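The values are calculated or read from the model by the stated rules, or taken from the named source; none is laboratory data. Everything numeric here is computed off the predicted structure, so don't read it as measured data. No Cβ is skipped: glycine too gets one built from the backbone with ideal geometry, and neighbour counts run over all protein chains shown. Heads up: the accessible areas ignore ligands, DNA and RNA and are worked out on the full protein's heavy atoms, side chains in. Shrake-Rupley method; radii C 1.70, N 1.55, O 1.52, S 1.80 Å.
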Amino acid sequence: MTRRGELRIYLGYAAGVGKTYQMLEEAQALKAKGVDIVIGYFEPHGRKDTIAKTEGLEVVPRRVIDYRNTSFEEMDTDAIIARRPKVAVIDEFPHTNVPGSQREKRWQDVLIILDQGIDVLTTMNVQHLESLNDQMAQITGVKVRETIPDWVIKQAHEVVMVDLTPRALLNRLERGVVYPPEKAQRALQNFFKESTLVALREMALRQTAHEVEERIE
């Protein structure tokens, strides 16, 4: 019987805290140790320092899906399984696949990959956790559509909190590290208010502590 792959989640409280960067740093460290690792899906968001972290890592080509006369690129789950690496790096765990994909959600693809004995490193923000959805709506005024059921997170072998103070995150946003200037301005007026970020960070810290406690028990 195939050993089930281990899932490691890099959890943050907002875009720009450095989840993908830290995940890729870990990927590079594993590659340096001789581990067979591939990038199954990576979302660059135009962040130069994060893109630089992918250097030298093998990338599994994406699958192109046509939907409403437009071509979309999605993760090619079958290609990752056929490649059979020891570890696959898969960004944006809560992502919803374009209609016409084999599965609706990326987390469903990840479970299939884990079943094949492949370890997965992935990223998500705390607001995508299903049980926190109502609390999130109260804090941010936004109802998160892309959620992940709690039982999926419970399957993680490890949850790593990627932390940055709200002040430092706002500083990165203002410097244009997180989003292009126009999008950054909009973000600062909406979701990225310091009080909101403080509340979200507290939630992420609580959630991580809870996950750690459960694993110790």
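Restricting segment 129-138 to residues that are of a type outside the set (A, V, I, L, M) and within 16 Å of Leu197 (Cβ to Cβ) leaves a set whose member that is surrounded by the most Cβ atoms within 10 Å (Cβ to Cβ) is Gln135. Criterion applied to Thr147, Thr140 was being more than 18 Å from the chain's Cα centre (by Cα) and among the β-branched types (Val, Ile, Thr), and the one residue passing it is Thr140. Restricting segment 68-97 to residues that are small (Gly, Ala, Ser) and at pLDDT 95 or above, the residue that is least open to solvent (accessible area, probe 1.4 Å) is Ala88.
Is there a residue being among the acidic types (Asp, Glu), in contact (Cβ under 8 Å) with a residue 24 or more places away in the chain and not in a strand (DSSP E or B) anywhere in segment 4-23? Yes, because at least one residue in segment 4-23 is among the acidic types (Asp, Glu), in contact (Cβ under 8 Å) with a residue 24 or more places away in the chain and not in a strand (DSSP E or B). When each of Gly100, Gly141, Gly117 is tested for being touching a residue at least 60 places away in the same chain (Cβ under 8 Å), farther than 21 Å from Val160 by Cβ, surrounded by fewer than 18 Cβ atoms within 10 Å (Cβ to Cβ) and of a type in the set (Gly, Ala, Ser), the lone residue that passes is Gly117.
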